[in-house]
Each structure stands twice: as structure tokens, then as C-alpha cells.
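Here the structure comes first, spelled out in C-alpha cells, and everything after it is commentary.
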Amino acid sequence: MYLAARLSTRAVEGTLMAKSSSDPRDEVNAPLAHGALNLPLVTIDDYNNELRDKDGFVGDNANKKTFQQKLDDWRKRIRKVGDDPIGKTATEKLSKKKIDAILKGDDLAAAALVMGAVEDFAQDFADVIGKFLKDKRWGKTDRIVVGGGFRRSHFGELTIARTMVILKAAGVDVEVVPIVHHPDEAGLIGAVHLMPRWMFKGHEAILAVDIGGTNVRAGVVQFGKDDVPDASVWESAIWRHADDEPSRTATIEKLAAMLRDLIGKAEKANLKPAPIIGIACPGIIKADGSIERGGQNLPGGNWESDSFNLPAALMKAIPEIGDDSTFVMMHNDAVVQGLSQIPFMNDVSRWAVLTIGTGLGNAHFTNREGTKPR
């Protein structure tokens, strides 16, 4: 009951302060709150940046649909003078696995079509990055990590590498690299960095949730043998809610059922999770856990309503984990995915994450002084 007692009143009000420690990495000189900008190991300089230019949102030039359009344009041009080497399958029906097979296959003409889309997309992506880097909050960025579903492919990784080459050739000295963890797992693993480590004392894992416009993922994130930053996904479950078109209430009920199942599996394996759930969710996250904007693609209702609070709804659905009251911490999904990269960022100071999926998620971080992971 130690953790529940520590969190019960102050956490609800969002004014919980991190426990004093001789290790500076465990210090947070700011309230523990949803959507916080000061976290144990990093300061969040910017996230969910809705950067615009004369044509609209800059991020619209670098997402899943944009790449499909690039490839489709190449196919249409080829069809004007001959056969399409990729065949008759509509571009939007081509899976990442299929596109990778084309790129690595023996049909060089088909592979060349994919390469044309890779080059066009990389040019646009480099332009998008250049515009972000002009924002003062993104100044002196050393490295940009690319996550999201696009990274889960060979053509995606090739595009990321080509983008960095284009930027460096233009005199922009910034690394652009794929996120280390599988993007689906990164959105869960990053949750361990939302809270100071004293909160995990006596426990081996936490529960994490990643809510998107197509899927909901839930998992048990187990701490490493030596340190929390060595965390990995021990067990996870995914629900493609886009196929079911559930209500908001049904979504919470399904998510709670997924988490209860994971808790049961952990207990059966003698793995003791902390009574904590970390949530990654699209949009601007306010300190009280409400979503200010950006939740329009979430399933079955208005998640930005003044009468709805996701952390509170989840705590009501799962009031206890083990013998302790449940504590929930929520942040933007791009932020959480970026946080998974912390153990690999001890050689830089200022860095960012861009997640390429249905949209372009973004967040920028500065490592806190004296808080680099071991």
C-alpha cells in the first residue's frame, strides 16, 4: 500500500512532487501532471506542433497517404505509355510487406517505381524537417528520430536515410535515424519515462497503453535487469477498433478488459507490475488529463469533451492493481514514442521525434543536465 498512500491525494490534484534523491536523475522540480513538459530525464520543448505554410499544415506533406500518392503518381505516368510493372493492384491496397518485396525483387522496373516514390517522398520530408528546424524551439537539434508505422519497412528506412543525405547535401547538419524499438513497442516502452523512478520501487513492470486512430495497444513493460531505461515489452495485446467502430464507452470497456487480462498474465508469471498505467494518446494533453485538441480520430465520440477524462475513466474501470490504488499518467503519443529513445540519446543534447503514420506526429526534447541514463 506504500505507493497508493503516496499518490492518493496529491496526484489527483496534479501537484505531486518527485521524492528527493541523491541521484539527480530521479529529480523533477515540477509538479507531476498529465502532459508535463518537465520529465525526469528530459524537458519537452515542443510537441504536436501544428506548423503551417501557405499550403496548409506542413506535416501533411509527410505521412502514409503522401507516400502512397507519390507511388501512385509514378504508376499513372508509366501507364500512359505502357504496362504498369507493379500490376493492377490499387496502390492503397499495397501493404508495406508487398512494397518491400517489390523493392527487393527481380523486377527492376517495378523496384524503380518504388525508388521513384522513395526519392520524391524523401525530398518532401527533407523540406518538412527544414521547416521544423526553423522554429526556435527546434534550434540546434542534433538528431531526429523517425518512428511510426512508416519506419516498419525497408522502403521506409531507405527513405529516412535518403532524407538525411538530402539535408546534409543542403548544408543541414542533423542526423535522421529510425527509432530503435519497433514503433508498436516504442509507444508502450516510452511510458516508463513519464514518472520518476522512485514510483517503481519494489515493482518489476508497469502497464502501458497506446491509443491511435486505428488501433489500441496495451502491454506490460518490464524493467531491465540493471535499470528502468532497459525496459522492454513483456506481453502486449492489440485491438483494431477501426474494424468495429465502437462507441467511446465501449472503447474504454474493451481497453479495461485488455488490461485486466494482462494483469492476470503478469500475476500468473509472478511478475509484479506497479499500480501505474501510462497512456499515449494523440493531441494536446492538459494537466488534468483532458484532451485540448487533436483527438478527432479517436473512436466513437468526442474525446475532447469537457465532461470526459480518459485517465479518470480508466481509474474508475480499474480502481486497483494488486493491493494498491491505480495511478494513471497520460501524454501525447509522439512524446511517449520519443521517450523510448532516451537510453540511446546520451551522446546528444537536443533531439526530436517525428512519427510518420496517418499524420505526422512530432516532439522535441532537451536532455536534462545530469540526467543522462547509465
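The values are calculated or read from the model by the stated rules, or taken from the named source; none is laboratory data. Computed from a prediction, not measured in an experiment: that's the story for all the values here. Counting neighbours? That spans all protein chains shown, and the Cβs are built from the backbone with ideal geometry, glycine included.
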Can you tell me how many residues in segment 299-313 are surrounded by fewer than 22 Cβ atoms within 10 Å (Cβ to Cβ) and among the aliphatic types (A, V, I, L, M)?
2
Of the residues that make up segment 290-308, is at least one modelled with pLDDT of 95 or more, small (Gly, Ala, Ser) and within 21 Å of the chain's Cα centre (by Cα)?
no
Just to be sure, is Asp124 at pLDDT 95 or above and more than 21 Å from the chain's Cα centre (by Cα)?
yes
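Can you tell me which residue is farthest from Thr358 (Cα to Cα) among those in segment 144-173 that are of a type in the set (A, V, I, L, M, F, W, C) and in contact with a Pro (Cβ under 9 Å, 6 or more places away or on another chain)? I'd like the intermediate steps shown before the answer.
Initial filter on segment 144-173 (of a type in the set (A, V, I, L, M, F, W, C)): 144-146, 150, 155, 158, 160-161, 164-167, 169-170, 172.
With the extra rule that they be in contact with a Pro (Cβ under 9 Å, 6 or more places away or on another chain), the set shrinks to 145-146, 150, 160-161.
Numbers: Val145: 17, Val146: 14, Phe150: 9, Ile160: 17, Ala161: 21 Å.
Here the answer is Ala161.
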Condition first: surrounded by fewer than 22 Cβ atoms within 10 Å (Cβ to Cβ) and without any contact (Cβ under 8 Å) to a residue 60 or more places away in the chain. Now tell me which residues in segment 269-298 satisfy that.
Ala269, Asn270, Glu292, Arg293, Gln296
If you scan segment 54-97, which residues turn out to be in contact with a helix residue (DSSP H, G or I) (Cβ under 6 Å, 6 or more places away or on another chain), modelled with pLDDT of 95 or more and either not in a helix (DSSP H, G or I) or not charged (D, E, K, R) (or both)?
Phe67, Gln68, Leu71, Trp74, Asp84, Pro85, Ile86, Thr91
Please name all residue pairs, on different chains or six or more residues apart, with Cβ atoms under 8 Å, provided the first residue is in segment 299-312 and is more than 16 Å from Leu255 (Cα to Cα) and without any contact (Cβ under 8 Å) to a residue 40 or more places away in the chain and the second residue is surrounded by 15 or more Cβ atoms within 10 Å (Cβ to Cβ) and polar (S, T, N, Q).
Glu304/Ser290; Asp306/Ser290
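Here is a yes/no grid of residues against (1) touching a helix residue (DSSP H, G or I) at 6+ places or on another chain (Cβ under 7 Å); (2) part of a loop (DSSP other than H, G, I, E, B); (3) under 18 Å from Ala208 (Cβ atoms):
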{"position": "Ala313", "(1), (2), (3)": "yes, no, yes"}
{"position": "Val328", "(1), (2), (3)": "yes, no, yes"}
{"position": "Val335", "(1), (2), (3)": "no, no, yes"}
{"position": "Asn346", "(1), (2), (3)": "no, yes, no"}
{"position": "Val353", "(1), (2), (3)": "yes, no, yes"}
{"position": "Asn362", "(1), (2), (3)": "yes, no, no"}
So in segment 155-208, with the set limited to residues that are over 22 Å from the mean Cα position of the chain (by Cα) and in a loop (DSSP other than H, G, I, E, B), which one is farthest from Trp138 (Cα to Cα)?
Gly202
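Given the criteria in a loop (DSSP other than H, G, I, E, B), buried (at least 16 other Cβ atoms within 10 Å of the Cβ) and out of contact with any strand residue (DSSP E or B) (no Cβ under 7 Å at 6 or more places or on another chain), does Asp100 qualify? Reasoning before the result, please.
Working: in a loop (DSSP other than H, G, I, E, B): no; buried (at least 16 other Cβ atoms within 10 Å of the Cβ): yes; out of contact with any strand residue (DSSP E or B) (no Cβ under 7 Å at 6 or more places or on another chain): yes.
No.
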Do we have any residue at all in segment 281-289 that's part of a loop (DSSP other than H, G, I, E, B), out of contact with any Gly (no Cβ under 7 Å at 6 or more places or on another chain) and among the acidic types (Asp, Glu)?
no
Please specify each residue of segment 142-154 satisfying the condition of being within 19 Å of the chain's Cα centre (by Cα) and either part of a strand (DSSP E or B) or not small (Gly, Ala, Ser) (or both).
Arg143, Ile144, Val145, Val146, Gly147, Phe150, Arg151, Arg152
Considering only segment 326-340, I want to know if a residue exists there that is surrounded by fewer than 24 Cβ atoms within 10 Å (Cβ to Cβ) and either without any contact (Cβ under 8 Å) to a residue 40 or more places away in the chain or at positive phi (or both).
no
With respect to Ala218, determine if the residue is free of Cβ contacts under 8 Å to residues at least 60 places away in the same chain and in contact with a Leu (Cβ under 9 Å, 6 or more places away or on another chain).
yes
Name the residues in segment 221-237 that are surrounded by 14 or more Cβ atoms within 10 Å (Cβ to Cβ), free of Cβ contacts under 8 Å to residues at least 60 places away in the same chain and not small (Gly, Ala, Ser), would you?
Val221, Gln222, Phe223, Val228, Val233, Trp234, Glu235
